[in-house]
Amino acid sequence: MTDSNPRRKRGITENDWAGLKRFTPARIALGRAGISLPTRAHLEFQLCHAQARDAVHIPLNRDALTTELNDLGLTVIPLHSRAPDRPTYLQRPDLGRRLDADAGARLKRLASEGAAADVALVLADGLSSTAVQHHAAAMLARIVDALRADGLSLSPVCLVEQGRVAVGDEIGELLGARMLVLLVGERPGLSAPDSLGIYYTWNPRVGLTDAARNCISNIRPGGLSVDDATRRLAWLIRESRRLGCSGVALKDGSGEPDALDGHTNFLLE
Amino acid sequence: MNYQVDLAQRRYRFRDLRELMAKASPLRSGDCLAGIAATNATERVAAQYCLAEVPLRRFLEEPLIPYERDEVTRLILDSHDPAAFAPVADLSVGEFRDWLLSEQADTSVLTALAPGLTPEMVAAVSKLMRVQDLILVAGKCEVVTAFRSTIGRQGRMSTRLQPNHPTDDPAGVAASVLDGLLYGNGDAVIGINPATDNYHAVTRLMRMLDDVIRRYDIPTQSCVLTHVTTHLEAINRGEPVDLVFQSIAGTEAANASFGVSLSLLDEAHQAALALGRGTVGQNVMYFETGQGSALSADAHHGVDQQTCEARAYAVARRFDPLLVNTVVGFIGPEYLYDGKQIIRAGLEDHFCGKLLGVPMGCDICYTNHAEADQDDMDVLLTLLGAAGLNFIMGIPGADDIMLNYQTTSFHDAWYLRQVLGKRPAPEFEAWLERMGITDAGGRLKTGAGLPNAFAHIARHL
């Protein structure tokens, strides 16, 4: 242990393994003041928390996202959950899991107009509208290509404001779809305020639990890539159709993701 | 039995024990969401008066969830030990509180009592307790477990090193593992939440953590927090599994929503025991719980969330776990609205678990959509330290970059060690000194410069 660092005089012991930060966005090598967090690291944390707190409350720009999806050739059906606003959404998860009366009626009309699609496509803002706003269109474009390549027919994109994961069950049931693919904004973290999740469900219907769903999480720059997420989803859907189920009974046995191939574990050298 | 009380010129009646328990619960958003909370503050206290008069025996006669409908109720009643219960068998809930606080309820008495208590009894008495009562009584309990390290002795406090990474990148995970070890964390377990349940990715992490533990001869255990069925598959295929993980809850239906049952957990427990990988003990299970999980799965049967949570400890107890972790602030504000509710819940969970003989730790945490911040976490950390909890989480800078929530940091563990004189597990404490991470007085030495065993990493810096 050397004592040559000038900042030690000011009470800070720095960690010289900060070079490892290139392997992870985790807050490693923060140094210490005594055994506590140095002032700079403390304030950086406080700022990130403040930003994440604010991110929870940013509303989705529905028109901009609709335009973007239309440009991809996708039809959008705007829907709303039974939670009228964000404060209600946060305290009443039951309301965020169900469609409001208007949305329900609209989907029933749609279902009566033609044959049911194989897959219901749903976008829900969840706890991060930022994730949906920034990443959903690109993700959805890849998913649509992959599912069509497998010969599946798709519903229009059901865009649900103040929606939770289980709202997709009701949509899938109303549309008579055999499968549900739902994209949702995951709750914002300090270092990842824009993470998207995909939930896949076989035979969606109201009242299902998480045990019936498969989740692909952390889709964002720096997290799981759109390519990896698409590949996993396509694999899950193929297996699901073969087995006739989803969730706990359907293990993700797709190949290892690309992102793992880059680095080796230096601790074992 | 008639549940009623006359207070303030009014008669308060409660339909049954289940309603009485819910109305007696200190305010929290989850019970409000379920529509079972007291309608006002006076009714809550009236329920507490009434609950104080209920004989402890009554909980054996009036199950809150029917015996025929729920295997957790069957487990609780079928495994109840009347001989262990005898010292408190004639007490009411209120008298039980006084007895627990008294000098006669010392560590050995409480240890012997545990098999005689049911979750409902300890949940009931906790509802009559203030924060200081929850701390004082839990502090008298000692639940010690072991695998490669010994966890839970008085004066000790361990940490789970939680090196999560958004893509499970091996170097990214390794960076957090190293940071944690150099900050003296990881004696409860090196336990990673995988970014996916993908079998190949999960087993790669199992092998990696096992390799690191063996390479540096660390007296700790590894765990990849994936579904119990994935553990079983990994065990069958010869992967290195130290601890089997599973999230559990307090009702059969909530467990079913997690895709588990008592028989499945039993199968996993037996499979892990058969591996015989522990050196100083054979506690091979790691469970996580949290208030609100049963309600979240619509599987609470009208029972308040704190009682449901205590019932999860009966499930845990059945399998002699190394670690039981209440992930108190993770579930969100619809169940625990703010710092005040999270703090109370964490202390209740720890108290109930310890009284039942369960090795309780706590993921002292919050999400960004809850009304809570680092100050709240410092309060709960300090109080749980005073209550003698077995372990906390340790993560770089309190920021979980994969699960997107804030839990306790490597630094936080040292704060508690310094303020309350806590020490790591004895085997790990010796390893830290041997590695040059701490000095002979147990103080953190690492700063600029890597200890010899890790010097080879310098070329990556």
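Structural remarks
- Taking a straight line from the alpha carbon of A:Lys21, these lysines sit under 26 Å away, with near neighbours fewer than eight places off in the same chain left out: A:Lys9, B:Lys445.
- Just the protein heavy atoms count here, and of the accessible area of the protein assembly as shown at 1.4 Å, carbon and sulfur take up 49 percent.
- Once backbone amide H atoms are built at 1.01 Å from N, A:Glu161 has A:Leu79, A:His80, A:Ser81 as its partners under 5 Å, excluding neighbours fewer than 5 places away on the same chain.
- Counting only other chain Cβ atoms within 10 Å of each residue's Cβ, the peptide A:34-40 averages 5.
- Working ranking of peptides B:117-128, B:248-259 by packing, defined as the average number of other Cβ atoms within 10 Å per residue, highest first, is B:117-128, B:248-259.
- Accessible area buried by the pairing of A and B, both sides summed with a 1.4 Å probe, works out to roughly 6400 Å².
- The residues of chain A have, on average, 42 Å² of accessible surface per residue, using a 1.4 Å probe with all protein chains present.
- Proximal charge balance of B:Leu232 [Cβ under 13 Å; K/R count +1, D/E count -1]: -2
- Summarising the strand pairing of the protein assembly as shown, around 40 percent of its internal DSSP beta bridges are antiparallel.
- Given B:Lys140/B:Lys422; B:Lys127/B:Lys340; B:Lys140/B:Lys354; B:Lys23/B:Lys354; B:Lys23/B:Lys127, the pairs whose alpha carbons are separated by over 18 Å: B:Lys23/B:Lys354
- Computed [θ] at 222 nm, helices only, for chain B once each DSSP H run of length n ≥ 4 contributes -39500 (n - 2.57): -13000 deg cm²/dmol
- Counting Cβ atoms of other protein chains within 10 Å of each residue's Cβ and taking the mean over peptide A:222-230 gives 2.
- Placing pseudo-labels 7 Å out from each Cα toward the beta carbon at A:His57 and B:Glu95 gives an inter-label distance of 5.2 nm.
- Computed FRET value (nearest 0.05) for B:Asn2 with B:Leu27, which takes r as the C-beta separation and R₀ as 30 Å: 0.70
- Cβ-based net charge around A:Leu65, under 13 Å, with every Lys or Arg adding one and every Asp or Glu removing one: -4
- Between helix B:374-387 and chain B: long-axis angle, C-alpha atoms, 0 to 90°, nearest 10: 80 degrees
- Against the main long axis of the alpha-carbon atoms of chain B, helix B:199-215 sits at an angle near 70°.
- Calculated FRET efficiency for the pair B:Asp375/B:Asn452, C-beta based, R₀ 35 Å, to 0.05: 0.35
- Taking the range B:40-56 and a reference point 7 angstrom along Cα→Cβ of B:Gln104, the backbone N atoms nearer than 19 Å belong to B:53-56.
- Loop chymotrypsin sites (Phe, Trp or Tyr not before Pro), the range B:79-181, which have at most 13 other Cβ atoms in a 10 Å radius of their Cβ (DSSP): none
- The calculated FRET efficiency for A:Ala50 paired with B:Thr111, based on their beta-carbon distance and R0 = 60 Å, is about 0.85.
- Backbone N within the range B:31-57 under 20 Å of label point (7 Å from B:Arg13 Cα along the Cβ vector): B:36-40, B:42-54
- Peptide A:91-100 - average C-beta neighbours from other chains (10 Å radius): 3
- Positive minus negative residues near A:Leu250 (Lys, Arg vs Asp, Glu; Cβ under 14 Å): +1
- Spin-label model, B:Ala274/A:Arg238: points 7 Å from Cα along the beta carbon direction are separated by 3.3 nm.
- Heavy-atom accessible area, 1.4 Å probe, ligands and nucleic acids excluded: residues of the range B:378-418 down by at least 20 Å² from chain alone: B:Pro396, B:Gly397, B:Asp399, B:Ile401, B:Met402, B:Asn404, B:Gln406, B:His411, B:Trp414, B:Gln418
- Aspartates and glutamates with Cα under 13 Å of A:Lys108, excluding same-chain neighbours fewer than 8 positions away: A:Asp100, A:Glu170, A:Glu173
- For chain B, the longest principal axis of the Cα atoms and the long axis of helix B:170-182 meet at an angle of about 80 degrees.
- Separation in nanometres of the label points that stand 7 Å from Cα toward Cβ, at B:Tyr49 and B:Lys340: 2.3 nm
The values are calculated or read from the model by the stated rules, or taken from the named source; none is laboratory data. Not measured: the values here are computed from a predicted model. We place every Cβ from the backbone using ideal geometry, glycine too, and count neighbours over all the protein chains shown. The protein model used for the area step is the full one, side chains on, heavy atoms only, and it has no ligands, DNA or RNA in it. Shrake-Rupley method; radii C 1.70, N 1.55, O 1.52, S 1.80 Å.
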